[in-house]
1. Taking volume of the Cα convex hull per residue in Å³ straight from the coordinates, which label in (i) 134; (ii) 149; (iii) 171 is the correct one?
2. Can you list residues whose amide H is under 5 Å from Ile64's amide H, if they're 5+ apart or on another chain and H is modeled 1.01 Å from N?
3. Multiplying the sequence separation of Asp447 and Lys179 by 0.36 nm and subtracting their Cα-Cα distance, what value in nm do you get?
4. Angle check, please: helix 268-288 long axis (alpha carbons) against the longest principal axis of the chain (alpha carbons), in degrees 0 to 90, nearest 10.
5. Please work out whether segment 19-85 counts as rounded, prolate or oblate from its C-alpha gyration tensor, where a ≥ b ≥ c are the square roots of the eigenvalues and a/c under 1.5 means rounded, while otherwise a/b larger than b/c means prolate and anything else oblate?
6. So between Asn221 and Asn369, what do we pick up on full extension, going 0.36 nm a residue minus the alpha carbon distance?
7. When ranked by the protection proxy of mean other Cβ atoms within 10 Å per residue, highest first, what sequence do the peptides 152-160, 136-144 form?
8. Suppose every Lys and Arg Cβ carries +1 and every Asp and Glu Cβ carries -1, with no other charges. What dipole size does the chain come out with about its Cα centre, to the nearest 20 debye?
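Computed from the coordinates by the stated procedures, all read-outs in this text should not be read as laboratory data. Note that the structure is a prediction, hence the values are computed from the model and not measured. When we count neighbours, we look across all protein chains shown, and the Cβ atoms used for this are built from the backbone with ideal geometry, even at glycine.
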Amino acid sequence: MAEITVTNWFGNIVSHPLVVVDANSVDDIVRVLKDPVQYPSPVRVVGSNHSTSPCGVADGGTLIRMKMNKVLNVGDDTLTVEAGAIHLDLAKMLEAKNLMFYVNTEIGSLSSGSAACAGTKDASMPGEYGQVGSYVTGMKMVLPSGDLLEVTEADQPDLMKKMRCSYGTCGIVYEVTYKIRALLPMAVHHETFELEDFIARLPELKARGESMFYYIFPFDNKITIEFRKYNPGATGDPDHCAWGLRNHFWGSAGPKFGHDVSQNISIPKIRYGILDGFNATWRFQLENLVCGDYTIPGDQIIHYPPVSDDSRYTFSLFAFPEADYAVCISDFFKFVKDYYNEKGYRSNLLYVGYWIMQDQQSLLSYSYNGPVMTIDPVSTANDGWVDFLAAYNQFCSDRNGVPLLNQTYGLTPAIVQKAYGDRLTTMQQTRRSYDPTDRLLNAYFKDLLG
């Protein structure tokens, strides 16, 4: 039999399952889990398979591709869907009904099953969480035994906190209920700061009470902040162009340019001079064109093609305590410059970051202990990327950074244990109680949650 090869969306995480199953119904999932002979372990499930870590790898086992994508119910403040329903499609459907998600995260191909049980990232709107799953109020799962389980925030709040970070290791999510809200206009604008000015003014910037997402340019010593806030008093017609421009450059044109320059310009000084010039143009566009008093929150969600091409990019993430961020970001600027001088490598795109409110809705929330700010390298995986991430991981762990199990590449048990401590131990015990035979446990999660 020919070997089966499946990759994640970007193409750098490779899996060799023995069996691949398309799940079009709950019965399809139950059948797999009840027959370990025909459908060997580990059993893993993927939606769009956009994770940058080996979450969905099922080497020697069974890979389930989630195809259940129906909208089951839309209420005034709740939305219930099957686990394969995609975030962007749902956001557009809600918008047509004058409704919206609380978190309109950038990756539009996020499946509802992943949103329910895995980590996501987005800059917190004022007084709100930054993870999609924090607004998941219920989920239905198939347990490793093949039995069904329903968990709701109303009836089992402590269990919900564990299932929101179970990453498919306790059961396979097939139905999800979100808390939603009435559609609100949103204002957005960008400002650029020198690093030293950003640090000095950080208390003032946070006091504005606006969402902060930021583009980080260490080699130009600059940070451009995207400020967002709801603007219920907005009048006139909504501006759909601002986010469209951002999404085009951030989601496809920028990565494509970075990829092509890296492939075709061999002299580093010229290559990175061109990329720095492109980043300067990007800052100008953000400051002058990606702005408006009346935009639609769902417009910031980016459509990614089902199969990636040369416009694809990948990323990683660590979150740092807000109180430590001034030191961490200063150290990071020095770190990437020193790394380039010593190793000759730098990302061919840029770095980004998010301010995220304290969030204890998930046991393994990266902002469980307080508000955080992140540092996220972004790249087309130009030569040297993986080695750089190993150094970046250690840099972040040394400064008490907290990773995401599905979006931070190259994690080690030591780094994860240091970041999550006793909460990781609790999650390991919970996983074993639901899956004592390790039916759903691949090698990656065996290292981290076994």
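1. Among (i) 134; (ii) 149; (iii) 171, the one calculated here is (i).
2. Close amide H contacts, sequence-distant or interchain: Val21, Arg44, Val45, Val46.
3. Values: separation 268, 0.36 × 268 = 96.48 nm, distance 3.34 nm.
Length difference between fully extended and current span is 93.1 nm.
4. For helix 268-288, the angle is close to 90 degrees.
5. Values: a/c = 3.27, a/b = 1.66, b/c = 1.97.
Cα axes put segment 19-85 in the oblate bin.
6. Computed gain between Asn221 and Asn369 is 50.3 nm.
7. On the way: 152-160: 14.1, 136-144: 23.0.
The most tightly packed comes first, giving 136-144, 152-160.
8. Rounded to the nearest 20 debye, it is 500 debye.
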